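J.: If you scroll down you'll find the structure; I have some questions about it.
The values are calculated or read from the model by the stated rules, or taken from the named source; none is laboratory data. Worth saying up front: this structure is predicted, and the values here are computed from it rather than measured. A quick note on method: Cβ atoms are made from the backbone with ideal geometry, for glycine too, and the neighbour counts reach across all protein chains shown. Areas reflect the complete protein model, heavy atoms only, side chains present, ligands, DNA and RNA absent. Shrake-Rupley method; radii C 1.70, N 1.55, O 1.52, S 1.80 Å.
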Amino acid sequence: MSDNHTKETFFTKYIWSIDHKVIGIQYGITALLWLLVGFGLMMVMRYQLAYPDTQIPFIGWIFGEDKLLLPEKYNSLGAMHGTIMIFLGVVPLAFGAFGNYLVPLQIGAIDMAFPRLNAASYWTYFLGSIIMVVGFFVPGGAANSGWTSYPPLADVATAGQTVWLLGMVMLITSSLLGSVNIMVTVIQLRAEGMTWFRLPIFVWTQFITAFLLLLAFPPLEAAGILQLMDRLAGTSFFLPTGLVVSGEVLTNAGGGSPLLWQHLFWFLAHPEVYVLILPAFGIISEIIANNTRKPLSGYKSLVYAMTFLGFMSFVVWAHHMYLTGMGTTMGAFFQTTTMIISIPSVVILTALLLSLWGGSIRFNTPMLFALAFLPMFGIGGLTGLPLGLAAADIHLHDTYYVIGHFHYVVAPGTLFALFAGVYFWFPKVTGKSLNESLGKLHFYFSFIFMNGVFMPMFIQGLAGVSRRLADGGQAYAHAADVIYLNEIMSWSAWLLGMAQLFFIANVVLTLFKARTGEINPWNATTIDWTETTSPPLGHGNFEKIPVVYRGPYEYSVPGSKIDFTPQTEKG
Amino acid sequence: MNKLLSSITLSFIVTGGLIAGEITGVVKYIGKPPKAKRLRMDADPVCAASHQEAAKAETFIVDAKGNLANVIVYLKGVKYSGNTPTQPVELDQAGCVYSPHVMGVMAGQPVKILNSDATMHNIHGLPKINREFNFGMPKTLKEKTITFDKSEDVFVVKCDVHPWMKSFTQVFDHPYFAVTGTDGKFSIPNVPDGTYEAIAWQERFGSKRTLSQQVTVKGGSATLNFNFERPKKK
C-alpha cells in the first residue's frame, strides 16, 4: 500500500511532508521544544519570586546590564509562559502530535482525510509560534497583559501585544484546519468493521476534541481580529467611552465593552481546558487497559461522559467571570452548569480507577505516569469546585489557589499523560524502546517536584496571596506567613527541570540505539500496534488495510491462549 | 567684582564671542495660596514610615511672602548651537516623592533616575514627542539613566505603584531655562545679548495659562519677574 508513485526527496519526506506520521512527529518535536522554552521562562520567574529583585544568575545578562527581572519583564514572561505552554506546547502535542500520528493508525486509515491541509495546519502553527516569540524583540518586549489578554489593558499595551494577536490568529487557524481534518478522518476513513463503539477511547477523545476546537476557537479568532483592529485601526470594540489611561482620557471613539472580550475569550478558553484534558484521558485509557491486561471498565460510560463533557464545556465559560459583576441569575446558571460538568469528569475518573480493580498491573514507566495522572487530575478537578461557586470564588479569584488548581489539571495532569503517551508510543514511532530505569527516575523525581511546585500554591492562595505579583507577595503583610513557600516552590521547579534531563538523555541515547525489530512490545490489541510495523511503513501505513472484528480492549479474554486479542482477530 | 568679571569672560567664551549675561528674577503668587493637601501614603508602609510628619502635595509651594517655587522659566524660540551638557540631571525618588518635583533638561542630556527608597517604584513618563517610557525600579535597582532626544513642552513623569507620585519635566533644545526655588528666585546664566520672549509655567496654572513677557539682555544682566494671580471668578 505504500505510496510510491511520487519520487520523494529528503525535503518532501521529512520537511514538506504530507504523511500524517511525519507531520505528527514534526508537531511533537516542535511542541516539546516549546514546552522546554515555556518551562525555562517559568524557571526564571521562579528565581524572581524566591529571591525578589536580586540579580538573575548565569543568564541575567539577557535581561539587561542590571541583570534584574524587572516587573514589566516579569509580566511579559508570565504572559508568554501561559501562551507558550498552552498554545505552542500542550495543545499541539496532545492534538497535533498524538492525534495526527495515532488516529489514522488506530482507525486503519492510510492517512488523514486531507493530507495537504494537515501539512498546512502544521506550518501555520509553526509560523504562528515563531511570530509569537518575535514579540520578545519588539520595543517594550513581548506581550505583557497576561495569557488572557484582557482589554482595556491589552488594547493599550506595548507593541508586543500586536505581535501576540497576530501569532494567536495563526495558531487558531492551524487548530481549525487540524480539527476539520480529524473529524472528517474519523467519520470517513474508519476501516471496515471499525464501528463507533469499537473505536479506541483515544480516537473518541480526539474526535470530541476536534469538535471543541472547531466550535470554540472561531469566537477567539474573531475577538483577536477585533482587538487587532482596536490597536491598529482605531476602533473601539473593547474600549469604553471616557477611558482614562495614565491620567488622560483616551481619544478613541469609545462605546466598546471590555467584558465582551472576556466572554469571547472564555467561550474558547473553557472548552480549551477540555481540549487539554480529553486527549490526556484518551492516552491514559489506552495505557491503563494495556497495563492492567483487562478491558476498560465502562467503555460506553466513558464515551457518553466525554461527549456530555464536550457539550457542557460550552455553557460554563462565565464561571471565570464571577467578579465582573454579573447578576445573580446568570451567576446561578453558571454555577449550576459548572457543578453539572464535574459529574462526567467524576464518571471518567471513576471508570479509569475501577479499571485498575482486579488487573494484573504492569508498573512500567508509561503506567506509572498514567497512575500518577489519576490522583493529580483528581486534585486539580476537586480544587476547581470551590472556584465554580461564586461565594468561594470571590475570595479565591486571582490568588495562587487558582494557579495551583489549573496547574494540577494541566501539569501533573495533562503533561503526565503526555509523558505516559511518549513512553508508550515511542517504540511505535521509532522502533526503539526507551530505557525503563531512566524513565522511572524521570517519573519519580517529576512526581515529587511537581507536587513541590504546586501544592504550596493552595496554601498561599488560601492566605490571599495574589497571582501576577512580580515580588511574590513580598510587599504585602498578609503574605508574610506563607512567603517562605516561594523558595520551596522555586527549588522544586528547578529540580523538576533537572529531572527532565533524565527524559532528554533517555530520548537521545535511545535514538542512537539499533531498532529492536519488535512490533508490539506492549502486547496491545489496537491496530496501530498489531497491523503495522514499528515504525510503520512510509506513506500508506498498512501493507493491507485491516478489517476489524472486535472492540479495542479485549485483554485476558477467557479461553484465549494469550492475554490479548487484537481487534483484527476473527472470532 | 573679580567673580563678575570672570563670569562675563566665561560667558563670552561660551557664547562664541557674543556678549552674554544672566537673567535673574523672582516669581510670586498674588492672592491667598491654597492649602497644601496631605499625601496619604498608608498603602505602602515603607512610604508612610519615611515621613515623620505627613508629606504634603507639592503642587503649589508658596511662602508667606508669596514666593512661588517649582515654576519653570525659560526663553522661547532661542537658537543654540553649543554643546549639550554631559553632567546628568538627577531625579530622585525619596520618601515616595519625586525630587525635584519640577525639572528642566536639555535634549540629549542624561537624566539619572535614582531610587532612594526601600520599596519598588515605577517610572512612567508620558511625553508626546519623545518616546514614552515605563519601567519598574525595585528597591535593589538604585539608578537608571535615560535621555530625551527632542525638545518637548512639559509632561508628567509618574509612578504607577504610588498614585500620589507625580513630577514634571520639560525638555529644551537650549540651556536657557531655570526652575524657581522655595524663595521663588531663579537664574538663567550665559544668555547672549538680545530680546527674548520668556515664559513661566506653573503646574497648577498648566500649559494653557503660562505667563509670558519680553526680556532684553544687554551688557551682562537682566531682571525678570513674574506674578501669578489667582484667576478672578467670572
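J.: Where both partners of a DSSP beta bridge lie in the protein assembly as shown, what percent of those bridges are antiparallel, to the nearest 5?
T.: So the antiparallel bridges in the protein assembly as shown amount to around 75 percent.
J.: Still on this structure: Each residue of the stretch A:372-385 in order: what ³J(HN,Hα) in whole Hz does its phi give by Karplus 6.51 cos²θ - 1.76 cosθ + 1.60, θ = phi - 60°, with x for Gly and Pro?
T.: The phi angles translate into 5, 4, 4, x, 5, 5, x, 4, x, x, 5, 6, x, 4 Hz.
J.: For A:ASP393, B:ASP92, what's the largest-to-smallest order of accessible area, 1.4 Å probe?
T.: Largest to smallest exposure gives the sequence B:ASP92, A:ASP393.
J.: What are the lysines whose alpha-carbon lies under 18 Å from the alpha-carbon of A:LYS570, with same-chain residues fewer than 8 places away excluded?
T.: Within the straight-line limit of under 18 Å, A:LYS570 reaches these lysines: A:LYS544, A:LYS561.
J.: Which three semi-axes in whole Å describe the equivalent ellipsoid of the stretch A:323-475, each the square root of 5 times a Cα gyration tensor eigenvalue, listed largest first?
T.: Equivalent ellipsoid semi-axes, largest first: 34, 21, 12 Å.
J.: Right, something else. Skipping prolines and chain starts, which residues have an amide H placed within reach, meaning under 5 Å, of the one on B:ILE188, given they are 5 or more residues away or on another chain?
T.: B:ILE23, B:THR24
J.: Just tell me which lysines come within less than 17 Å, Cα to Cα, of B:LYS35; anything on the same chain fewer than 8 places away is out.
T.: Counting by Cα, and skipping residues close in sequence, B:LYS35 has these lysines nearby: B:LYS56, B:LYS65.
J.: Tell me, how many Å apart are the Cα centres for the stretch A:538-552 and for the stretch A:342-364?
T.: Here the answer is 28 Å between Cα centres.
J.: Using amide H atoms built in the peptide plane, which far-off residues or other-chain residues are under 5 Å from B:SER151 H to H?
T.: HN-HN under 5 Å from B:SER151: empty list.
J.: What Cys residues in the protein assembly as shown have no fellow cysteine's beta-carbon under 4.7 angstrom?
T.: B:CYS159
J.: So who's got an amide H within less than 5 Å of the one on A:GLU554, skipping anything under 5 residues away but keeping other chains? H placed 1.01 Å off N, in plane.
T.: Distant-sequence amide H within range of A:GLU554: A:THR565.
J.: While we're looking at this one, here's another question. Among A:GLY461, A:GLY517, A:GLY472, flag the residue with its Cα farthest along the positive direction of the charge dipole of the stretch A:433-522, charges on Cβ as +1 for Lys/Arg and -1 for Asp/Glu.
T.: Of the candidates, A:GLY517 comes out farthest on the positive side.
J.: From the helices alone, meaning DSSP H stretches of at least four residues, give me the mean residue ellipticity at 222 nm for the protein assembly as shown, per-run term -39500 (n - 2.57), in deg cm²/dmol to the nearest 500.
T.: Helix-only estimate at 222 nm: -14500 deg cm²/dmol.
J.: Are there chymotrypsin sites (Phe, Trp or Tyr not before Pro) in the stretch A:38-119 that DSSP marks as loop and that have at most 14 other Cβ atoms within 10 Å, and which are they?
T.: A:PHE58
J.: Hey, with R₀ at 56 Å, roughly what FRET efficiency would A:PHE512 and A:LEU462 work out to, going by the Cβ-Cβ distance, to 0.05?
T.: 0.70
J.: Another question, then. Using each residue's phi in the stretch B:126-134, evaluate 6.51 cos²θ - 1.76 cosθ + 1.60 at θ = phi - 60° and report the 3J(HN,Hα) Karplus result to the nearest Hz, with x for Gly and Pro.
T.: Calculated HN-Hα couplings, in order: 10, x, 9, 8, 6, 6, 4, 10, 6 Hz.
J.: Here is a follow-up. Tell me the accessible surface of B:ASP153 in square angstrom (1.4 angstrom probe, heavy atoms of protein chains only), to the nearest ten.
T.: Answer for B:ASP153: close to 100 Å² accessible.
J.: In whole angstrom, note down how far apart the Cα centers of the stretch B:160-201 and the stretch A:397-415 are.
T.: The two parts, judged by their Cα centres, are 54 Å apart.
J.: For the stretch A:429-551, what is the charge dipole size about the Cα centre, in debye to the nearest 20, if Lys and Arg each add +1 at the Cβ and Asp and Glu each add -1 at the Cβ?
T.: 240 debye
J.: If you roll a 1.4 angstrom probe over the protein chains with everything in place, what fraction of the accessible area of the protein assembly as shown belongs to carbon and sulfur, to the nearest %?
T.: Reported share for carbon and sulfur atoms: 64 percent.
J.: Between the stretch A:473-518 and the stretch B:100-130, how many Å separate their Cα centres?
T.: Distance between centres, Cα-based: 40 Å.
J.: Tell me, what is the 1.4 Å probe accessible area of B:TYR80, in Å² to the nearest 10?
T.: Around 70 Å² of this residue is reachable by solvent.
J.: Against the 2.2 N^0.38 Å scaling, with N counting residues, where does chain A land? I'd like the Cα-based Rg ratio to two decimal places.
T.: 0.97
J.: Per residue, how many Å² of accessible area does the stretch A:342-415 show with a 1.4 Å probe?
T.: For the stretch A:342-415, the per-residue accessible area is 36 Å².
J.: So what J values fall out for the stretch B:76-85 if you push phi through Karplus, 6.51 cos²θ - 1.76 cosθ + 1.60 with θ = phi - 60°, rounded to Hz, Gly and Pro as x?
T.: Once rounded to whole Hz, the list reads 9, x, 8, 8, 9, 10, x, 7, 8, x.
J.: How much of A:LYS440 can a 1.4 Å solvent probe reach, expressed as accessible area in Å² and rounded to 10?
T.: Around 70 Å² of this residue is reachable by solvent.
J.: Compute the Cα gyration tensor for the stretch B:43-94, then decide on rounded, prolate or oblate, letting a ≥ b ≥ c be the square roots of its eigenvalues: rounded whenever a/c is under 1.5, prolate when a/b is larger than b/c in the other cases, and oblate in all that remain.
T.: oblate
J.: Run the numbers on the stretch A:16-56: which residues show a drop of 20 Å² or more in accessible area, chain on its own versus all protein chains together, using a 1.4 Å probe over heavy atoms?
T.: A:ASP53
J.: Which value, in square angstrom to the nearest 100, describes the accessible area buried between chains B and A on both sides, using a 1.4 angstrom probe?
T.: 900 Å²
J.: Note down the magnitude of the dipole of chain A about its Cα centre, charges +1 on Lys and Arg C-beta and -1 on Asp and Glu C-beta and zero elsewhere, to the nearest 20 debye.
T.: Using only the charged Cβ atoms, the result is roughly 1340 debye.
J.: Note the count of lysine pairs whose C-alpha atoms are less than 25 angstrom apart in the stretch B:142-234, limited to pairs 8 or more residues apart or on different chains.
T.: 16
J.: With a probe of 1.4 Å, find how much accessible area chain B has per residue, and write the answer as a whole number in Å².
T.: 54 Å²
J.: Can I ask one more? Show which aspartates and glutamates lie in cross-link reach of B:LYS37 when reach means a straight Cα distance below 15 angstrom and same-chain residues fewer than eight apart are skipped.
T.: Those aspartates and glutamates meeting the cut-off are B:GLU53, B:GLU58, B:GLU203.
J.: Compute accessible area for the stretch A:64-111 by itself and then with all protein chains, 1.4 Å probe, and report residues whose area falls by 20 Å² or more.
T.: A:ASP66, A:LEU68, A:LEU70, A:PRO71, A:GLU72
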